[in-house]
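Here the structure is laid out as structure tokens; the discussion comes afterwards.
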Amino acid sequence: MERYIYMDNAATTPVKKEVLEEMLPFFTEKYGNPSSVYKLGSANRVEVEKAREKVALALGADKSEIYFTAGGSESDNWAIKGAAYKYRDKGNHIITTKIEHHAVLNTCKYLEKQGFEVTYLDVDEDGIVKLDDLKRAIRDNTILISVMFANNEIGTIQPIKEIGEIAKEHNILFHTDAVQAIGSIKIDVNELNIDLLSLSAHKFFGPKGVGALYIRKGVRIDNLISGGGQERNKRAGTENVAGIVGLGKAIELAYENFEEKNKYIISLRDRLIEKIEKNIKYVRLNGHRTQRLPGNVNVSFEFIEGESLLLMLDLNNIAASSGSACTSGSLDPSHVLLAIGLSHEIAHGSLRLSLSELNTEEEVDYVVEKLVEIVDRLRQMSPLYEKIKEEK
Amino acid sequence: MYSEKVMDHFMNPRNVGEIPDADGIGEVGNAKCGDIMKMYLKINDGIIEDVKFKTFGCGSAIASSSMATELIKGKTIDEALQVTNKAVAEALDGLPPVKMHCSVLAEQAIKSALLDYSKRHNVKIEGLEDIEFDDDHHHHVEEE
């Protein structure tokens, strides 16, 4: 097969062989419904519970606090809508940030239409939430704080422990969208005072369409999916047994040899950043230089546009993504890049390369080599670059 | 998502560059929206002898510019004025609906360069008197 370099691991990851192998029997011979009485069904209940234990272990939680869902978006919707409706009598104010994933942002926008009030916190130039702003935003009627663990575009890791403390101090529920953080950061929900946490299997070599919501014991939220009594009456629907088993295996593997893997991915990331900055002019790193996800690189190349960059990378069999408007079909470039203060033109020229343990140093070097060529080629075509050259 | 022709013009754009002693230069679009097209014309006896472009923008913006230059090279001013955004898009075997504005920009780049020519050389070009260039194109262009 032709060489293919995948550097879009923040978008999704392949299912690991070990994960797939554990999943496969549940599509065919072990097809029973976990709610059934007979062995074919009830045996699968045991498997679902084993997976629950694995997820709980990874989060420092109790297995009774883990609820399986159909992925990160459902978990975010459930946590936020569920908390909002449950505590409506207590208050109608929610605090979140301007750089959340759309699963959180659009859920909050929906709730605004339902009469809730939402504060969208600014972030600093690195994309980090300002704790003083958070404290100032808290009101008597604040019922929920939702801040993502780490940002999907620029990789910035938020001060989750501090935010958890502030929430606890004020007796406000704290939800975190940890979709990008799981497998990349060690998380202990008790140490961090997290009440609700969303995760999704396909970001750490598990299957798509399955995730989980951690709900701290004693925290009550309304249901999102009504129906049968699955997930202890909190989330209806016949369990996605194969997916849940895959999620369990994937999260277990994600935290095996964790330090070693992270060290390796960070070394790749820093090599990539360093080489790009060394070999290409008029480039800026987006997000915090060190307080960022191990695999995240996000840079803006001035004078060129992200979609043409992605197309040229694709023609070289390199998969990446961009915050340019042209890649999303919307009018504006990424809300995250605008929130950290980038101008529209700089945001249009952004490129995200997200690495995993499967990438190599050699791939990093090859990508930089191609980037140098492609960026130069596009700049030679750009009237903006022409102006800069004239000014020099 | 793009036709083979779009990809061909994106990967091998025709007439990229500048014309130092151009008779007309047009620039449309803005960086905020993510696309700028600049077109240079060399005109002799009412014929577009040479044309070059530079574009900041997505794949279809580059392909549309390239195609527009091909469509007007060697043509008369009148013929060049007849080149519509639809003609550019059709010549590219179509553009995705969200990218139609790129072809609009290409049509405007031609007209903007011709307008510059008419001003510099004091030549009246019919059809260009009242033209307005819409930098905020994203928000107005209707898809056809």
**OP:** Write out, first by first residue and then by second, each pair whose Cβ atoms fall under 7 Å of each other, whose residues are 6+ apart or on separate chains, and whose first residue, in region B:93-106, is among the charged types (D, E, K, R) while the second is open to solvent by 10 Å² or more (accessible area, probe 1.4 Å) and part of a loop (DSSP other than H, G, I, E, B).
**Re:** B:ASP93/B:SER3
**OP:** Give the residue, chosen from A:THR238, A:THR176, that is among the polar types (S, T, N, Q) and open to solvent by less than 20 Å² (accessible area, probe 1.4 Å).
**Re:** A:THR176
Original post:
Restricting region A:360-387 to residues that are of a type in the set (A, V, I, L, M) and open to solvent by 30 Å² or more (accessible area, probe 1.4 Å), which is nearest to the other protein chains (Cβ to nearest Cβ)?
Top reply: A:LEU384
Original post:
Pairs under 8 Å by beta carbon, first residue among the acidic types (Asp, Glu) in region B:62-87, partner part of a helix (DSSP H, G or I), six or more apart or different chains?
Top reply: B:GLU70/B:ALA91; B:GLU79/B:ILE72
**OP:** Would you mind stating whether A:LYS217 is within 17 Å of A:GLU53 (Cβ to Cβ) and open to solvent by 10 Å² or more (accessible area, probe 1.4 Å)?
**Re:** yes
Original post:
For A:LEU293, all conditions in the list (1) under 21 Å from A:LEU272 (Cα atoms); (2) of a type in the set (A, V, I, L, M); (3) free of Cβ contacts under 8 Å to residues at least 60 places away in the same chain; (4) more than 8 Å from chain B (Cβ to nearest Cβ) hold save one; what is the number of the exception?
Top reply: (3)
**OP:** Give region A:188-203 a look and list any residue that's touching a strand residue (DSSP E or B) at 6+ places or on another chain (Cβ under 9 Å) and either open to solvent by less than 10 Å² (accessible area, probe 1.4 Å) or under 18 Å from A:ILE166 (Cα atoms) (or both), or say none.
**Re:** A:VAL189, A:LEU192, A:ASN193, A:ILE194, A:ASP195, A:LEU196, A:LEU197, A:SER198, A:LEU199, A:SER200, A:ALA201
Original post:
Across region A:299-320, what is the total count of residues that are open to solvent by 10 Å² or more (accessible area, probe 1.4 Å) and in a loop (DSSP other than H, G, I, E, B)?
Top reply: 5
Original post:
So which residues in region A:340-359 are within 14 Å of chain B (Cβ to nearest Cβ) and under 21 Å from A:MET7 (Cα atoms)?
Top reply: A:ALA347, A:HIS348, A:GLY349, A:SER350, A:LEU351
Original post:
Restricting attention to region A:32-48, and to residues there that are surrounded by 14 or more Cβ atoms within 10 Å (Cβ to Cβ) and charged (D, E, K, R), which single residue is nearest to A:GLU22 (Cα to Cα)?
Top reply: A:GLU47
Original post:
Within region A:195-298, which strands (runs of 3 or more DSSP E) (wholly inside it) include 1 or more residues that are of a type in the set (D, E, K, R)?
Top reply: A:283-285
Original post:
How do the helices (runs of 4 or more DSSP H) wholly within region A:327-392 filter down when requiring 1 or more residues that are within 22 Å of A:GLY295 (Cα to Cα), of a type outside the set (Ser, Thr, Tyr) and under 24 Å from the mean Cα position of the chain (by Cα): which remain?
Top reply: A:335-339, A:344-348, A:361-381
**OP:** Being within 19 Å of B:LYS54 (Cα to Cα) and of a type outside the set (S, T, N, Q) is the filter; apply it to region B:110-128 and report the residue that is nearest to the other protein chains (Cβ to nearest Cβ).
**Re:** B:ALA113
**OP:** Name the one entry in B:GLU79, B:GLU107 that is at pLDDT 95 or above, touching a helix residue (DSSP H, G or I) at 6+ places or on another chain (Cβ under 9 Å), surrounded by 18 or more Cβ atoms within 10 Å (Cβ to Cβ) and more than 14 Å from chain A (Cβ to nearest Cβ).
**Re:** B:GLU107
Subject >> Test result for A:ARG289, under 30 Å from A:LEU253 (Cα atoms), basic (Lys, Arg) and open to solvent by 10 Å² or more (accessible area, probe 1.4 Å) >> reply: yes
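The values are calculated or read from the model by the stated rules, or taken from the named source; none is laboratory data. Every value quoted in this text rests on a predicted model; they were computed, and no experiment measured them. In this analysis, Cβ positions are derived from the backbone assuming ideal geometry, glycine residues included, and neighbour counts consider all displayed protein chains. Keep in mind that these areas ignore ligands, DNA and RNA; they rest on the heavy atoms of the full protein, side chains included. Shrake-Rupley method; radii C 1.70, N 1.55, O 1.52, S 1.80 Å.
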